[in-house]
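Enquirer: Quick one: the structure is below, questions incoming.
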Protein chains: 2
Amino acid sequence: MSDNSTVSRRQFISGAGLVAIGATAAHFGSFLSNAEAKGGSTEKWPWPYVKLDPAITAEIAYEEWYRLFCGGAVVSSVFGQLREKIGEPYKSFPIDAFIFLEGGVSGWGTICGSNAGANIVTNLIIGPRIANSDDGALMGSEMLQWYCDASMPVYTPKKPRVTAEIPKTTSDSPLCHVSVGKWMKAAGKELKSPERKDRCARVTASVAYHLVELLNAWKDGKYETKGIIPSANYGITAQNNCTECHGSNIPSPPIAKATGK
Amino acid sequence: MSDNSTVSRRQFISGAGLVAIGATAAHFGSFLSNAEAKGGSTEKWPWPYVKLDPAITAEIAYEEWYRLFCGGAVVSSVFGQLREKIGEPYKSFPIDAFIFLEGGVSGWGTICGSNAGANIVTNLIIGPRIANSDDGALMGSEMLQWYCDASMPVYTPKKPRVTAEIPKTTSDSPLCHVSVGKWMKAAGKELKSPERKDRCARVTASVAYHLVELLNAWKDGKYETKGIIPSANYGITAQNNCTECHGSNIPSPPIAKATGK
């Protein structure tokens, strides 16, 4: 164990260490010159997009959480509307399969599904960085950073299924395990509680809302990314707050009751 | 900090705590009865599949890593062949967009892209758990566990781009940051080194190889899942080796040199 890493994410973001995708392309992408698209008609970017209403999208995402959970709901909230307003290629995209993003990929607690879903949306609509623009990757990365920093859930649905107060917490991490764990500790609620479920549905709605704000700005030609690719500065793929885990503030894990709840 | 969690993953898997998807469906999926597919023609499962050669798939994945990195390469290694052998719906799936899974999602070090890609493949081919079968989710989860336990890279390409010896390490985690970090420490190589890149290309090939082994068994009606959904037993979304992080064995993070490499 070590607590000798003293660089916080905020120091990183605000300081001289800012690394945008140019540096990361050099880091990861030294084969870009060989890149060529290989697929069918959907491998052309950007995909057609019309501006969506953030609040309507958030309401759809909130309701869809109760069908597809975090990742599938974010994808569905955007692509479902675009299926109606545009049609293809959204009709051919298998939204429901992405239910597997729930719980940080089938309950493993890795990346929060709403973050994974947001990155799928940005990279599918705007396109991969080997195609026409870095904006898809950078907007996805900006969504991760926004999620880490936000007091969540940001969005309150018009007709919440749970009317009890839902506390707000800041995850400082894009991971389901850390985000949900910090909220459970602050709220004193279990994973299976209606409050935890509604919190995650509201987080999903919050991500969908902000995602559409960014996509609308991009559609208007006004998107200026705040997205960073954090890996280069630490010589390893990682977010930028090393001491969150490489420090002395890791809590005891909550153990489920013996009843197997 | 705490080191009072003494349940290892192996104890969990081999012991009475085994939780299969039935328990998890109760955990996460209390709304299954309301589930219905909403999409276009690709929202029907399973997708057509013909058995693939694991070694050929691994070779494709290895080479595709140098174009699409870990996540995109796993998807491309399977779907690229199925585009040729079957056609739709694989031709309509935008493989290249999933380059964003690189480095644990744009360099953030979350889930290793090869794991995310494998889960995309299993859940798209077999289908989501709200459709016809739990096998897509369980096979994806089995891939995560296999990745954690394997001495990686398992697969050696026929014509490796890097001929130096590539050490093998066990990640005990599905996360890019942990998997890559443990390997870098064991190998004494930096993230930007040719050896690290080729290690990740070989890990990607290893995942593709095993993924096709499982898909072929499923196609033959012989797939018996070892997949578990780990969240229920701990009352939080998580993998099953809590003390890997909630313990005293977290190393100092490597700091990139001041040159901005």
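Bear in mind that the values in this text are calculations on the coordinates, not laboratory data. Quick caveat, the model's predicted, so the values are computed rather than measured. Positions of Cβ are generated from backbone atoms using ideal geometry, with glycine treated the same way; all protein chains shown enter the neighbour counts.
Enquirer: Pulled fully out, how much extra length does the chain show between A:S252 and A:E224, if you take 0.36 nm times their separation in residues and subtract their Cα-Cα distance?
Expert: Between A:S252 and A:E224, full extension yields an extra 6.0 nm.
Enquirer: Give me A:V78, B:V74 sorted ascending by neighbouring Cβ count inside 10 Å, so fewest comes first.
Expert: Listing A:V78, B:V74 from fewest to most nearby Cβ atoms yields A:V78, B:V74.
Enquirer: Across peptide B:121-133, what mean number of C-beta atoms from other chains lies inside 10 Å of a residue's C-beta?
Expert: Per residue, the number of nearby Cβ atoms from other chains is 4 on average.
Enquirer: Lys/Arg Cβ at +1, Asp/Glu Cβ at -1, dipole of the stretch B:182-257 taken about the Cα centre: which of B:A217, B:H246, B:A232 is farthest positive-ward?
Expert: The residue sitting farthest along the positive end of the dipole is B:H246.
Enquirer: Across 10 Å bins from 0, what is the distribution of all Cα-Cα pair distances for the stretch A:46-241, in whole percents?
Expert: Answer for the stretch A:46-241: a P(r) of 10, 38, 36, 14, 1 percent.
Enquirer: Right, another one. What percentage of all Cα-Cα pairs in the stretch B:105-158 are separated by more than 19 Å?
Expert: 38 percent
Enquirer: Stokes-Einstein at 4 °C, 1.567 mPa s, Kirkwood radius from Cα pairs: D for the stretch A:71-123 in µm² s⁻¹?
Expert: It diffuses with D of about 118 µm²/s by this estimate.
Enquirer: Shifting gears a bit: If you take every residue apart from B:T42 with its C-beta less than 10 Å away from the C-beta of B:T42, what net charge results, scoring Lys and Arg +1 and Asp and Glu -1?
Expert: With Lys, Arg at +1 and Asp, Glu at -1, the net is -1.
Enquirer: Around A:D135, with a cut-off of 14 angstrom between Cβ atoms, what is the net charge of the other residues, counting Lys and Arg +1 and Asp and Glu -1?
Expert: Around A:D135, the charge tally is 0.
Enquirer: Using a simple charge model, +1 on the beta-carbon of Lys and Arg, -1 on the beta-carbon of Asp and Glu, nothing else, what dipole does the stretch A:46-241 show about its Cα centre, in debye to the nearest 20?
Expert: That gives a dipole near 420 debye.
Enquirer: What aspartates and glutamates sit close enough to B:K158 to cross-link, taking a C-alpha to C-alpha distance under 20 Å and skipping anything fewer than 8 places away on the same chain?
Expert: Qualifying aspartates and glutamates at Cα under 20 Å: B:D53, B:E59, B:E63, B:E64, B:E195, B:D198, B:E213.
Enquirer: Determine the alpha carbon to alpha carbon distance for each of A:K159/A:K197; A:K85/A:K159; A:K159/A:K182; B:K44/B:K226; A:K168/A:K192; B:K91/B:K159 and list only those over 21 Å.
Expert: Violating the 21 Å limit, Cα to Cα: A:K85/A:K159; A:K159/A:K182; B:K44/B:K226; B:K91/B:K159.
Enquirer: Order of B:V207, A:V50 from fewest to most other C-beta atoms within 10 Å?
Expert: Fewest-to-most ranking of B:V207, A:V50: A:V50, B:V207.
Enquirer: I'd like the distance between the alpha-carbon centres of the stretch A:52-79 and the stretch A:183-221, rounded to an integer number of Å.
Expert: Their Cα centres are 10 Å away from one another.
Enquirer: Around B:Y90, under 11 Å between beta carbons, what's the net of Lys plus Arg minus Asp minus Glu among the other residues?
Expert: Charge balance in the 11 Å sphere: +1.
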